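J.: One structure, as structure tokens, below. Some questions next.
The values are calculated or read from the model by the stated rules, or taken from the named source; none is laboratory data. Since we're looking at a predicted model, the values are computed, not measured. Reconstructed Cβ throughout: ideal geometry from the backbone, glycine too, with neighbour counts over all protein chains shown.
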Amino acid sequence: MSDRTAETTSRRPPPVERFRPADLDGIDWRKLRAACPVSPAEGPDGARVWLVSRYPDIRKVLGGPAFSVSPIDPERGAGTAEANESIFQDPPEHTRLRGLVAGPFAIGCVGRYRDAIQAKADQLLAAVSGRADVMADFAKPLTMNVIAEVVGVPEPDRAMFQRLSDQLLVPLSEAQGVVALEGWKQLNDYVRELIAHRRRTRGADGTDLLAHLIRAQRDQDAVDDVELATMVLGLPVAGYVSTANAISVAVRYLLEFGWLAQLRTAPDLRARFVEEVLRVQSGDNGESMPRFAAEDVRIGDVTVHKGDMVVAPLVAANRDEDLFADPDVFDPQRPGLVKHLAFGFGIHRCLGANLARLELQVAVDALTECGLDFRMLEAWKAVPWRVNMLGDRFPERMLVEARGRGV
């Protein structure tokens, strides 16, 4: 399929995010929907964008064929983005690559990891005593271990993979961008060596994603070496941070709002608690990757012209009061909860949605059943946040005090 060899991997990291999560902070979505639901705004680089704030319009942008994930040249009528070997591109390349990797992330496949996730969560919580950092001591090592297991990163290498992934936790435009670039280079080198090692030893044996892709390349010539390496590198980096974020948000509501005690006496509420966490945590995540109009298209009362950039934030959809009454209130009992768009919508809906939901469910179960009581040591608003080159953001730390129940 390609003359690129196994010694080649992704040529460059993803571009600096075009629209950072922090650019949406402070927006009163209710007022914006009432006054101007499709409103002109200014992106970080000064370019004009359309900001969409109503649930049905956001679904239309995210799921509609009239919108591309690549910039559109109005004259040529085609995407103008740089070469992209990931699944975040338009059909037909998206269809081909997503079809290759969807199997290992299907709900029937990720379920087999439940026991392993539970064992890791229990192990991490058993080591917690006194002062602890939820991110460093629980959420991040748990989620990195899970996604690394699914992808095929060997257990002895996972701490290193997490360390290098953490090195990417700055946008490339900032002062520490050189550190992020070095981390990206080291991860590229590691993935190249991992693929070569697997081919020399186990080959395509196994049920992990790496084995799955090696088989697809060997038997169907369905993926080239750069695409293979890009997905083995990108999925753990993207998947682990966002799920760790969701766990931290869950811990906030467990502790600050008393849900830990409630879920201990009403375990049947845990599934709905998880869904409400997913709904509200979209405001603390980086899914604001813009779309570009591939043709003139009407959104509400506004005509968006071919080539225009449109930002359709999940936080706005999940705070739409027409669907979710009192959207800023945390309420697992709310009707219509399953309609949230925490994982996006359309063909680019999060590939790891089933795995992330399972991790969050197991984490909540483990926290409620571990026999520990926790107290937050910092107010949520005082917790520092970081942003990575992919646009995800999450708490830099989340300090708690853990004590045995009744102590």
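J.: Exactly one of (1) surrounded by 20 or more Cβ atoms within 10 Å (Cβ to Cβ); (2) farther than 21 Å from residue 276 by Cα is unmet by residue 362. Its number?
T.: Only one criterion in (1) surrounded by 20 or more Cβ atoms within 10 Å (Cβ to Cβ); (2) farther than 21 Å from residue 276 by Cα is unmet by residue 362, namely (2).
J.: Let me ask something else. Within the stretch 183-218, can you find the residues that are among the acidic types (Asp, Glu) and in a helix (DSSP H, G or I)?
T.: Scanning the stretch 183-218 gives 189, 193.
J.: Among the residues of the stretch 111-163 satisfying the criterion of being among the small types (Gly, Ala, Ser) and touching a Lys or Arg at 6+ places or on another chain (Cβ under 9 Å), which is surrounded by the fewest Cβ atoms within 10 Å (Cβ to Cβ)?
T.: Ranking the candidates gives 130 first.
J.: Can you pull out the residues in the stretch 39-66 that are within 26 Å of residue 337 (Cβ to Cβ), touching a residue at least 12 places away in the same chain (Cβ under 8 Å) and not acidic (Asp, Glu)?
T.: 51, 52, 53, 54, 55, 58, 59, 60, 61, 62, 63, 64
J.: Of 316, 325, which residue is more than 25 Å from residue 109 (Cβ to Cβ) and not in a helix (DSSP H, G or I)?
T.: Exactly one residue qualifies, and that residue is 325.
J.: Looking at this structure, is residue 329 touching a Ser or Thr at 6+ places or on another chain (Cβ under 9 Å) and modelled with pLDDT of 90 or more?
T.: No, not satisfied.
J.: So the check is Cβ under 6 Å with 6+ separation or different chains; which pairs have a first residue in the stretch 106-124 that's touching a residue at least 12 places away in the same chain (Cβ under 8 Å) and a second one that's of a type in the set (Val, Ile, Thr)?
T.: 117/146; 117/362; 118/362; 121/362
J.: Condition first: part of a helix (DSSP H, G or I) and over 19 Å from residue 248 (Cβ atoms). Now tell me which residues in the stretch 263-279 satisfy that.
T.: Within the stretch 263-279, 264, 265, 267, 268, 269, 271, 272 qualify.
J.: Would you list the strands (runs of 3 or more DSSP E) that sit entirely within the stretch 360-401 and hold 3 or more residues that are at pLDDT below 95 and under 26 Å from residue 24 (Cα atoms)?
T.: 385-387, 393-395
J.: Going by what's in this entry, would residue 180 be described as in contact (Cβ under 8 Å) with a residue 60 or more places away in the chain, small (Gly, Ala, Ser) and in a helix (DSSP H, G or I)?
T.: Yes; evaluated as a whole, the condition is true for this residue.
J.: Let me ask you something else. Cβ-Cβ distance below 8 Å, separation of 6 or more or different chains: which pairs start in the stretch 187-214 with a residue that is charged (D, E, K, R) and surrounded by 15 or more Cβ atoms within 10 Å (Cβ to Cβ) and end on one that is modelled with pLDDT of 90 or more and not in a helix (DSSP H, G or I)?
T.: What qualifies is 198/152; 208/152.
Matching residues to (1) modelled with pLDDT of 85 or more; (2) not aromatic (Phe, Trp, Tyr):
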residue	(1), (2)
39	yes, yes
45	no, yes
55	yes, no
68	yes, yes
82	no, yes
86	no, yes
95	yes, yes
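J.: Here is a check on your reading of the model: is residue 99 over 24 Å from residue 362 (Cβ atoms), out of contact with any Ser or Thr (no Cβ under 8 Å at 6 or more places or on another chain) and without any contact (Cβ under 8 Å) to a residue 40 or more places away in the chain?
T.: Criteria met by residue 99.
J.: Within 24 Å of residue 51 (Cα to Cα) and surrounded by fewer than 19 Cβ atoms within 10 Å (Cβ to Cβ): which single residue out of 298, 319 fits that description?
T.: Within the list 298, 319, the selection yields 298.
J.: Which of the residues spanning the stretch 313-353 are among the small types (Gly, Ala, Ser) and either within 21 Å of the chain's Cα centre (by Cα) or closer than 19 Å to residue 259 by Cβ (or both)?
T.: Scanning the stretch 313-353 gives 316, 317, 342, 344, 346, 352, 353.
J.: Enumerate the pairs (first residue in the stretch 318-343 and among the polar types (S, T, N, Q); second residue anywhere and surrounded by 15 or more Cβ atoms within 10 Å (Cβ to Cβ) and part of a loop (DSSP other than H, G, I, E, B)) with beta-carbon separation below 9 Å, excluding pairs fewer than 6 apart on the same chain, so at least 6 apart or on different chains.
T.: Pairs found: 318/324; 318/327; 318/340; 318/341; 318/342.
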